[in-house]
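Asks: Dropping the structure in here first, questions after.
The values are calculated or read from the model by the stated rules, or taken from the named source; none is laboratory data. Here the structure is a predicted model, which is why all the values come from computation and not from measurement. We place every Cβ from the backbone using ideal geometry, glycine too, and count neighbours over all the protein chains shown. All accessible areas refer to the heavy atoms of the entire protein, side chains included, with ligands and DNA or RNA removed. Shrake-Rupley method; radii C 1.70, N 1.55, O 1.52, S 1.80 Å.
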Number of protein chains: 2
Amino acid sequence: MKDLVGSPGTWSSLVLRVSQCLCAAATLVAMDTARGYSYSAYSLLFITMLFQLLWSFLLACLDIYLLRTNLDLRHDHVTVSMFLCIDTVFALLAWTSASASAGVTILLDRDVHFCEAFPHLSCGVYKLFVILAFMAWSFTAASAYSMFWLLVSLLG
Amino acid sequence: MKDLVGSPGTWSSLVLRVSQCLCAAATLVAMDTARGYSYSAYSLLFITMLFQLLWSFLLACLDIYLLRTNLDLRHDHVTVSMFLCIDTVFALLAWTSASASAGVTILLDRDVHFCEAFPHLSCGVYKLFVILAFMAWSFTAASAYSMFWLLVSLLG
């Protein structure tokens with residue numbers, strides 16, 4: 001169990017959490033610089049990435065603490081279950097909001113050609129933050145996947 | 001293992017597959033009656049639901065065959081793995097395309113008020129097929145979930 005990639009209190013978990021923080025923060029910064037939108041899908045993405053950033057930052061701090069103190073949370077199946085639930089909810093929310101935002105961005109760019117008609121829309125930035133959101137999702141999904149197999153190995 | 005809900009060749013699996021067929025078919029019929037759209041998110045949803053319908057119909061026929069002949073595929077981990085992979089891909093595709101379509105529908109209805117401005121758009125039907133697509137997804141996810149635990153119990 002010690003070698004399971006992404007378990008709490010390991011370097012791989014810390015790398016995943018920092019990657020989630022960076023991608024979520026980059027998405028928020030990109031969304032903040034984009035002009036000319038007030039669309040529901042983008043608002044959902046903003047809220048999701050904000051909470052994702054807070055959660056991943058908290059878990060990154062916990063990983064640093066566990067690495068420094070050599071404490072082991074990996075045998076506590078209640079904590080692992082809680083982390084699994086929250087990571088799964090965030091992964092689902094990130095995927096949903098990123099998919100909805102991608103649908104809206106493709107609609108504006110290709111289907112109704114708003115990006116050509118209204119040059120004040122920051123369509124390039126919209127595409128950038130959708131890609132960053134999918135990257136944030138991939139790291140969250142990796143954490144949830146790791147927690148799931150850790151829980152299976154604990155209960156098995 | 002015999003009692004695992006949703007395993008191939010059981011009545012619960014047949015109910016799930018028929019539900020998937022009905023929801024996918026209803027989504028396709030609703031999309032066919034909707035007027036005034038040529039949006040990428042809706043096109044992706046149409047293609048996904050078409051393949052979902054074919055796959056679920058095939059598996060429903062297989063379930064009927066297994067129920068009539070009392071054959072048991074539940075111990076064949078290669079077949080179960082294949083069903084799990086395909087169900088997971090369909091569940092992901094259905095969730096992605098339904099989320100993207102929901103984003104586009106909310107954009108048209110609430111964000112840019114196209115439904116008021118252009119009465120020829122069938123916005124009520126757009127909402128209906130998005131809900132039906134999410135229902136189709138929920139039954140596919142249930143099948144994938146069942147296949148996963150069947151595979152875990154086979155390999156465990």
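Asks: Rounded, prolate or oblate for the stretch A:56-106? Axes are the square roots of the Cα gyration tensor eigenvalues, ordered a ≥ b ≥ c, and the cut-off for rounded is a/c under 1.5.
Replies: Numbers: a/c = 6.13, a/b = 2.36, b/c = 2.60.
Oblate.
Asks: Put A:Tyr65, A:Tyr126 in order of accessible area, largest first, 1.4 Å probe: what do you get?
Replies: Greatest to least solvent exposure: A:Tyr65, A:Tyr126.
Asks: To the nearest 100 Å², how much accessible surface do chains B and A cover up together, summed over both, with a 1.4 Å probe?
Replies: In total, chains B and A hide about 1500 Å² from solvent.
Asks: To continue, here is another question. Would you please give the FRET efficiency between B:Leu154 and A:Leu50, computed as 1/(1 + (r/R0)^6) with r the Cβ-Cβ distance and R0 = 51 Å, to the nearest 0.05? Let's see the in-between values first.
Replies: Numbers: r = 42 Å, r/R0 = 0.82.
Result of the calculation: an efficiency of 0.75.
Asks: Check each residue of the stretch B:139-156 and keep those whose accessible area, probe 1.4 Å, is at least 10 Å² smaller with all protein chains in place than in the chain alone; give them in order of residue number.
Replies: Residues passing the criterion (a loss of at least 10 Å², heavy atoms only) are B:Phe148, B:Trp149, B:Val152.
Asks: Moving to a separate point now. At 1.4 Å probe radius, can you tell me the per residue accessible area of chain A in Å²?
Replies: Solvent-accessible surface per residue comes out at 49 Å².
Asks: Report, for A:Thr69, each distance to the same residue's label point in the other copies, shortest first and in nm; define the point 7 Å along Cα→Cβ.
Replies: Counterpart label points of A:Thr69 in the remaining copies fall at 6.1 nm.
Asks: Continuing with this model, one more query. Would you please classify the overall shape of the stretch B:11-155 from the alpha carbon gyration tensor, given that a ≥ b ≥ c denote the square roots of the eigenvalues, rounded means a/c under 1.5, and beyond that prolate means a/b larger than b/c while oblate covers the rest?
Replies: Because a/c hits 1.5 or more and a/b exceeds b/c, the stretch B:11-155 counts as prolate.
Asks: Give, ordered by residue number, each residue of the stretch A:76-98 whose 1.4 Å probe accessible area is reduced by a minimum of 30 Å² on adding the remaining protein chains to the chain alone.
Replies: A:Trp95, A:Thr96
Asks: Before anything else, pin down the relative contact order of chain A: Cα pairs under 8 Å, at least 6 apart, normalised by residue count, whole percent.
Replies: Across chain A, relative contact order equals 41 percent.
Asks: Place a +1 charge on the Cβ of each Lys and Arg in the stretch B:67-156 and a -1 charge on the Cβ of each Asp and Glu, then give the dipole magnitude about the Cα centre in debye, rounded to the nearest 20. Working shown, then result.
Replies: Numbers: 4 positive and 6 negative charges, 30 e Å.
Value, rounded to 20: 140 debye.
Asks: Still on this structure: What value, in deg cm²/dmol to 500, does the helix sum -39500 (n - 2.57) over DSSP H runs of n ≥ 4 give at 222 nm once divided by the residues of chain A?
Replies: That comes out to -27000 deg cm²/dmol.
Asks: Fully extended, how many nm does the chain gain between B:Val29 and B:Val112 (0.36 nm per residue separation, minus their Cα-Cα distance)?
Replies: Value of the extension gain: 27.2 nm.
Asks: Can I ask one more? Would you mind telling me the share, in percent, of accessible area of the stretch A:43-156 contributed by carbon and sulfur at probe 1.4 angstrom?
Replies: On the stretch A:43-156, the fraction of accessible area on carbon and sulfur atoms equals 75 percent.
Asks: So the label point sits 7 Å from Cα along the Cα-to-Cβ vector; using that for B:Gly124, what distances do you get to the other copies, in nanometres, sorted shortest first?
Replies: In nanometres, ordered from closest: 4.4.
Asks: Turning to a different aspect of this structure: Which of A:Thr69, A:Met147, A:Pro8 sits closest to the plus end of the dipole of chain A, meaning its Cα is farthest towards the positive end, when Lys and Arg get +1 and Asp and Glu get -1 on the C-beta?
Replies: The residue sitting farthest along the positive end of the dipole is A:Thr69.
Asks: In the stretch B:101-117, which residues give up 30 Å² or more of accessible area once the other protein chains are added, compared with their chain alone (1.4 Å probe)?
Replies: B:Gly103, B:Val104, B:Leu107, B:Asp111, B:Phe114
Asks: Let me ask something else. B:Val89 to B:Ser38: FRET efficiency via 1/(1 + (r/R0)^6), r the Cβ-Cβ distance, R0 35 Å, to the nearest 0.05? Before the final figure, lay out each step's value.
Replies: Values: r = 26 Å, r/R0 = 0.74.
Between B:Val89 and B:Ser38 the formula returns 0.85.
Asks: Where the label is 7 Å out from Cα toward Cβ, how close does A:Gly156 come to the same position in every other copy, in nm, shortest first?
Replies: 1.0
Asks: Also: Could you tell me whether the protein assembly as shown comes out rounded, prolate or oblate from its Cα gyration tensor? Rule is a ≥ b ≥ c as square roots of the eigenvalues, rounded for a/c under 1.5, then prolate if a/b exceeds b/c, otherwise oblate.
Replies: Verdict is oblate for the protein assembly as shown.
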